[in-house]
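> So that we are looking at the same thing, I have put the structure below in structure tokens.
The values are calculated or read from the model by the stated rules, or taken from the named source; none is laboratory data. As the structure is a computational prediction, the values presented were derived from the model and not from experiment. Please note: Cβ atoms are built from the backbone with ideal geometry, for glycine as well, and neighbour counts cover all protein chains shown. Heads up: the accessible areas ignore ligands, DNA and RNA and are worked out on the full protein's heavy atoms, side chains in. Shrake-Rupley method; radii C 1.70, N 1.55, O 1.52, S 1.80 Å.
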Amino acid sequence: MFKSFSHIYIEEGIKDHFRTKEILAKFPNIIPVSIRHYKDSFNRNSQNFRIQKESPKLILAEKKDHFLYPGSDFSPNFSHPHFYYNTLALNCIYDCEYCYLQGMFPSANLVLFVNWEDFFSSTKDFLEENKSLYLALSYDTDLLALESFFPATKAWLKFAESQPNLSLEIRTKSTNYSQIAKFAPNPNVILAWTLSPQTIIETIEHGTPSLQARLKAVNQAVSDGWNVRICIDPILRVPNWQTHYQSLADKLGKELKIEGITDISFGGFRMNIDFLKRMVEVRKDSSILFHAFEKKDKIVSYSKLETEEILELMSASLNNHFSPSQIKVSYS
């Protein structure tokens, strides 16, 4: 995926930032372009997300405000009173057909914010005031997948070592665990892998590592002593979905080091209706987006009956291999 980066847009204010220079050094053949503000490029009109996705560009920028955002109702908070996320990067190198980013952002280009210290400072201020924070790092991106040229995950793991009241979730589909394997496991950090049946990976999660490769990374992290979460989310009602997801549950039961899995969360498809409308416009080739969804307020999802069927099948399949205390419903 990284070979497709032909240009890098750099805000004038951070052209001499040490982190900008480090990233540029990773791409010696990339064409640099100076810009005033990242939104001038990222938010401009008449962009085509699908065309850009074929050859995405990098944008290096400085985040000026909003270093913490309240977590979405679409994401589980796992009973934490202060559930937030941050945006160290915008967009993802992968190309999953169900990804809400296609409907959220006007551009498929990848924005990387280089001023991590401001994120750390804001997080410290929040902790001083509220005493605890559950922070999702990899929310509008797949942070670990960028680690080879944007090592933010390492920086946050180091930062978390000095913040005992900070809990981190780092969610990924990547197999880049080796990038952080030298860190001692932190009990306040959860490494969360999104897993899908291999047929879903091949046909819908374009550019992502295989199920077998992800399982290898999961088992290595478990062996090293990390808290590991498995996310089967969203469960998609593709043809023969029952067989695919039952087989996935069986495979997890046979191949995962079960005792080291903190929990397994799962849920059905759900999304902001405006995001879905935009996604349908830019991704007319995706059959999963043209389901007869149920609309409630500003949310679209599978019908109540369809969702119940998904949750019942997945719960029963996982219960054959995992303890009930490990199994969590992320959306119902």
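> With the condition kept exactly as written, say whether any residue in the range 243-263 is of a type outside the set (Val, Ile, Thr) and part of a strand (DSSP E or B).
Residues of the range 243-263 that are of a type outside the set (Val, Ile, Thr), as a first pass: 244-257, 259-260, 263.
If we keep only those that are part of a strand (DSSP E or B) too, we end up with 263.
Yes, there is a match, as at least one residue in the range 243-263 is of a type outside the set (Val, Ile, Thr) and part of a strand (DSSP E or B).
> Ok, one more. Kindly indicate the residue of the range 175-198 that is touching a Ser or Thr at 6+ places or on another chain (Cβ under 9 Å) and part of a helix (DSSP H, G or I) and also least open to solvent (accessible area, probe 1.4 Å) among those meeting that condition.
Asn176
> Shifting gears a bit: Just checking: which of the strands (runs of 3 or more DSSP E) contained wholly in the range 276-330 hold 2 or more residues that are under 27 Å from Arg229 (Cα atoms)?
On the way: elements: 294-296, 299-301, 327-329.
It comes to 299-301, 327-329.
> Then there's this: Report every pair of residues separated by at least 6 positions or lying on different chains whose Cβ atoms are under 6 Å apart, first residue within the range 299-316 and under 17 Å from Thr243 (Cβ atoms), second buried (at least 20 other Cβ atoms within 10 Å of the Cβ) and not aromatic (Phe, Trp, Tyr).
Listed pairs, sorted by first residue: Ile310/Ile235; Ile310/Gly268.
> Can you name every residue in the range 284-304 that is touching a helix residue (DSSP H, G or I) at 6+ places or on another chain (Cβ under 6 Å) and open to solvent by less than 60 Å² (accessible area, probe 1.4 Å)?
Result: Leu289, Val300.
> Are any of the residues in the range 321-328 loosely packed, with under 11 Cβ neighbours inside 10 Å and among the charged types (D, E, K, R)?
no
> Select from the range 132-141 the residues that are over 16 Å from Ala155 (Cβ atoms) and either among the charged types (D, E, K, R) or open to solvent by 10 Å² or more (accessible area, probe 1.4 Å) (or both) and write down the one among them that is farthest from the chain's Cα centre (by Cα).
Ser132
> Is one or more of the residues making up the range 201-209 among the polar types (S, T, N, Q), free of Cβ contacts under 8 Å to residues at least 60 places away in the same chain, open to solvent by 60 Å² or more (accessible area, probe 1.4 Å) and closer than 30 Å to Lys254 by Cβ?
The answer is yes; a qualifying residue exists.
> Give the residue, chosen from Leu168, Leu144, that is buried (at least 16 other Cβ atoms within 10 Å of the Cβ) and either in a helix (DSSP H, G or I) or touching a residue at least 40 places away in the same chain (Cβ under 8 Å) (or both). Spell out how you get there, then give the answer.
Values: Leu168 fails: either in a helix (DSSP H, G or I) or touching a residue at least 40 places away in the same chain (Cβ under 8 Å) (or both).
The unique qualifying residue is Leu144.
> Report those helices (runs of 4 or more DSSP H) wholly inside the range 17-131 carrying at least 1 residues which are open to solvent by 30 Å² or more (accessible area, probe 1.4 Å) and farther than 30 Å from Ser287 by Cα.
Counting at least 1 such residues, we get 18-26, 38-42, 116-130.
> Output the qualifying pairs, or none if there are none: Cβ atoms under 6 angstrom, residues six or more apart or on different chains, first residue in the range 33-56 and polar (S, T, N, Q), second residue assigned to a helix (DSSP H, G or I) and surrounded by fewer than 12 Cβ atoms within 10 Å (Cβ to Cβ).
So the pair list comes out as Ser34/Glu12; Ser55/Ser4.
> If you don't mind, there's one more thing I want to ask. When you scan the range 234-257, do you find a residue that is at pLDDT 95 or above, open to solvent by less than 10 Å² (accessible area, probe 1.4 Å) and hydroxyl-bearing (Ser, Thr, Tyr), even just one?
So far as the range 234-257 goes, yes, one or more of its residues are at pLDDT 95 or above, open to solvent by less than 10 Å² (accessible area, probe 1.4 Å) and hydroxyl-bearing (Ser, Thr, Tyr).
> Given (1) closer than 28 Å to Ala108 by Cα; (2) in contact with a strand residue (DSSP E or B) (Cβ under 6 Å, 6 or more places away or on another chain), identify the lone condition not met by Val222.
(1)
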